[in-house]
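Scroll down for the structure; my scribbles are underneath it.
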Amino acid sequence: MRRCLTFYLERTKPFCPSYRLFVSYVDRMKGQPVFAQTISK
């Protein structure tokens, strides 16, 4: 699990302005934090 999280954080670092664990990959919201309501949809 630790290796997966490290990989994820390294891959999202270039466009992630925040240190939130989950960020959006959608073009219009790229790098923005994703909240529980968005994930549950």
Would you say K13 is modelled with pLDDT under 75 and basic (K, R)?
no
Looking at (1) modelled with pLDDT of 80 or more; (2) not in a helix (DSSP H, G or I), can you tell me which one R28 breaks?
(2)
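The values are calculated or read from the model by the stated rules, or taken from the named source; none is laboratory data. Keep in mind that what you see is a predicted model, and the values were worked out from it rather than measured.
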